[in-house]
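Worksheet: one structure, shown below.
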Amino acid sequence: MADLILHHYQTSPYSELLRLALGIKGLAWKSVTIPNIAPKPDLTPLTGGYRKTPVFQIGADIYCDSAIAIDAIEAVQPEPSLFPAPLGQLGALVALQAGGATFSQAVGSAMAPFIDRIDDEFFEDRKKLFGFDRDRVKKGAPHLTAQFNGWLARIDDALSDGRAFLGGDAPGYADCAAGMNVWFQGNFGLKGSRTAPFPHVAAWIARVEAIGHGSPSDMTAQEALDVARDAEPMVAERVDQDSGFTAGQSVVVRTEDPGADLVAGTLVRLTARDVVVLRDDPRVGTVAVHFPRIGQIVLPG
């Protein structure tokens, strides 16, 4: 099996989501540390411009967004499943919610007490990409905190029946995604105070964090580029007939974020679940860049 490579940085919440998923699987993986702001010159040859974190790599297949990376991890090693019964694939919908409005509330409520200590360069980057700025967080802090506490209360209610994890007895994708929001509070020393009113949440996040991260080992960015250069993309062509696109067409893909960069390539897959483009770069040759369909805008190139 080709190396599993995670391009991430330590304090990235979505990276923690994937680290936990790799831990559930007990997998060995390579860790490439990337900058937390643009530019990311050793990542762009792989992604074509997508610069959010994390990025997951298997050979010359590059997975942009944790949702599509979860599918790749599940395919590499199906057991233990990231979608355990009885919740099953509904875990993906729990994860989608946790990564939506609740994620913004988790981040804003955690950062607000420390907002003036965070450097301007970080906010300039996030404002350009997401419209996320210092004044907006300051003004919205009470509401963001109230909303996040409301979400914690609902999670506490869900866990009050004695289940160990959100889906039942075994951890899965839902726990990884919801867990990253609570974990992120710990980056600012707030996890204990946030979970104190919610004892079921406190016990659950302790179980989630005890899963660990599998077996990571360091890899340099150049080594990851070399892996892609020496491999061939492994992707099955399929473009749904009602999509309005055809295989082999030049397209651009971008996330829904207001400042998202465009990724240009040749369309090879477009389904209700995924988007894949082939693109060439002199440092890596041909790579397949994979996206989840949800959250992406696809346009003719």
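Here is the figure for the range 257-273: residues that are crowded, with 20+ Cβ neighbours inside 10 Å and more than 26 Å from G131 (Cβ to Cβ) total 5. Residues that are over 13 Å from the mean Cα position of the chain (by Cα), more than 26 Å from F130 (Cα to Cα) and not in a loop (DSSP other than H, G, I, E, B) do not occur anywhere in the range 32-51. Restricting the range 227-251 to residues that are among the hydroxyl-bearing types (S, T, Y) and open to solvent by 60 Å² or more (accessible area, probe 1.4 Å) leaves a set whose member that is nearest to the chain's Cα centre (by Cα) is S250.
Among residues of the range 89-109 that are over 12 Å from C176 (Cα atoms), those with a beta-carbon under 7 Å from a residue that is outside any helix (DSSP H, G or I) and open to solvent by 10 Å² or more (accessible area, probe 1.4 Å) at least six positions away or on a different chain give the pairs Q89/F83. When restricted to residues that are within 27 Å of G48 (Cα to Cα), aliphatic (A, V, I, L, M) and open to solvent by 10 Å² or more (accessible area, probe 1.4 Å), the range 73-90 contains 2. For first residues located in the range 262-281 and under 13 Å from V239 (Cα atoms), partners that are open to solvent by 60 Å² or more (accessible area, probe 1.4 Å) and part of a strand (DSSP E or B) and lie 6+ apart or on another chain with Cβ distances below 7 Å form the pairs T266/S250; R269/R238; T271/R238. Scanning the range 161-214 for residues that are touching a Phe, Trp or Tyr at 6+ places or on another chain (Cβ under 7 Å) and polar (S, T, N, Q) turns up just one, N181.
Being of a type in the set (V, I, T), in contact with a helix residue (DSSP H, G or I) (Cβ under 9 Å, 6 or more places away or on another chain) and within 26 Å of D257 (Cα to Cα) is a property that I24 lacks.
Among the residues of the range 181-196, the one identified as in contact (Cβ under 8 Å) with a residue 24 or more places away in the chain, open to solvent by 20 Å² or more (accessible area, probe 1.4 Å), not aromatic (F, W, Y) and not in a loop (DSSP other than H, G, I, E, B) is R194.
Taking the criterion of being closer than 12 Å to P142 by Cα and open to solvent by 20 Å² or more (accessible area, probe 1.4 Å), the only residue of the range 95-111 that qualifies is Q105. From R293, R254, grab the single residue that is under 26 Å from A92 (Cα atoms) and open to solvent by 70 Å² or more (accessible area, probe 1.4 Å). So the residue among R293, R254 that is under 26 Å from A92 (Cα atoms) and open to solvent by 70 Å² or more (accessible area, probe 1.4 Å) is R293.
Screening the range 89-115 for residues that are outside any helix (DSSP H, G or I) and closer than 16 Å to W151 by Cβ and picking the one that is nearest to the chain's Cα centre (by Cα) gives G99.
Of all residue pairs spaced 6 or more apart or on separate chains, those with beta-carbon atoms under 6 Å, a first member in the range 236-247 that is over 15 Å from T266 (Cβ atoms) and a second member that is at pLDDT 95 or above and assigned to a loop (DSSP other than H, G, I, E, B) are D240/T271. Considering A158, A224, A178, A206, the condition of being assigned to a helix (DSSP H, G or I), buried (at least 18 other Cβ atoms within 10 Å of the Cβ) and out of contact with any strand residue (DSSP E or B) (no Cβ under 8 Å at 6 or more places or on another chain) is satisfied by A178 alone.
Every residue, every condition in (1) closer than 17 Å to T195 by Cβ; (2) assigned to a loop (DSSP other than H, G, I, E, B); (3) open to solvent by 60 Å² or more (accessible area, probe 1.4 Å); (4) among the aromatic types (F, W, Y), yes or no:
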residue: K127; (1), (2), (3), (4): no, no, yes, no
residue: V137; (1), (2), (3), (4): no, no, no, no
residue: G140; (1), (2), (3), (4): no, no, no, no
residue: A170; (1), (2), (3), (4): no, yes, no, no
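When the range 9-22 is limited to residues that are in contact (Cβ under 8 Å) with a residue 40 or more places away in the chain and open to solvent by 10 Å² or more (accessible area, probe 1.4 Å), the one that is nearest to V284 (Cα to Cα) turns out to be Y9. Every condition in (1) in a helix (DSSP H, G or I); (2) buried (at least 17 other Cβ atoms within 10 Å of the Cβ) is met by F132 except one, and the failing one is (1).
The values are calculated or read from the model by the stated rules, or taken from the named source; none is laboratory data. What you see is a predicted model; the values in this text were computed from it and never measured. Virtual Cβ from ideal backbone geometry, glycine too; neighbours counted across all protein chains shown. When the accessible area is computed, the model is the full protein with side chains, heavy atoms only, and any ligands, DNA or RNA have been set aside. Shrake-Rupley method; radii C 1.70, N 1.55, O 1.52, S 1.80 Å.
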